[in-house]
Amino acid sequence: MATTQTDTGRSNQKRRTRTAIVEAARELIGTGGDVTMPAIARAALVSEATAYRYFPDLPSLISEALAGAWPPPAEALAPVADSADPVERVAFACEFLLRGVLLRQGAVRAMIAATITRPEAATARPGIRFGLIDLALQPLEETLGVSDPEALAQLKRDLAVVVSAEALFSLTDLCGLAPDDAIASAVHTATTLTEAARRTTPRR
């Protein structure tokens, strides 16, 4: 059946509405404040019901709005690309990630809240945590990774706990640290773990 001008007009309107919702979400995320579906709908000049017609839940909208917001790990770690020191690289990766989380903390908190109630949605969370950790530890791949691959895998798991939004929010919300102090604390822990693992690596 041929597409009518009315069908094309509706399709274009739907596309514009979806784009407006995503752009409103992106702008709200950029403020670092709370991110909710009612606030996004208001900013997009649509009803909340309309927003939900395009996105089944807040996490799916946030995921689309954040697409491309984080650079690839290699680009993020470019300033320490020439460093063979895993401790320096991990420190940089940890601070890079956590400062990025602070800039988008309203959206990140919303995603964490969603995955607590729906653990199966965790894979939909955008981010580069694991890629950053893997790349930061690359100098250990041919040393610790060869002599004790399980130790390297354990280090990556340990760092995944520390180099994370959850760790940052625990330090700010529960321990009462200022954001800069919280980041410094997380970096200290991450580098301590990395240095301890490096000390167990046989000298070549």
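Here each label is just a point 7 Å from Cα along the line to Cβ, and for Asp134 and Ala81 those points are 1.8 nm apart.
Simple spin-label estimate for Ser11 and Arg109 gives 4.2 nm between the two label positions (7 Å along the Cα-to-Cβ direction from each Cα).
In summary, the convex hull built on the alpha carbon positions of the stretch 73-199 has an orientation-averaged projected area of 8.0 nm².
Using 0.36 nm per residue and subtracting the Cα-Cα separation, the extra length available between Ala184 and Glu142 on full extension is 12.2 nm. Each Lys and Arg contributes +1 and each Asp and Glu -1, all at the Cβ; summed about the Cα centre of the chain, the dipole is approximately 740 debye.
Would you mind telling me which residue in Ala49, Ala136, Ala182 has the biggest mean-square fluctuation in a Gaussian network model of the chain, where springs connect alpha carbons within a distance under 10 angstrom? With Cα springs under 10 Å in the chain, the top fluctuation among Ala49, Ala136, Ala182 is at Ala49. Taking a quarter of the surface of the Cα convex hull of the stretch 5-65 gives a mean projected area of 3.9 nm². Kindly list the residues of the stretch 24-66 that lie in the label zone of Thr117, defined by a backbone N under 16 Å from the point 7 Å along the Cα-to-C-beta vector. Counting backbone N atoms under 16 Å from the label point, the list is 35-39, 52, 56-62.
Read the figures in this text as sums done on the coordinates, not as results from a lab. All values derive from a computational prediction rather than experimental measurement. In this analysis, Cβ positions are derived from the backbone assuming ideal geometry, glycine residues included, and neighbour counts consider all displayed protein chains.
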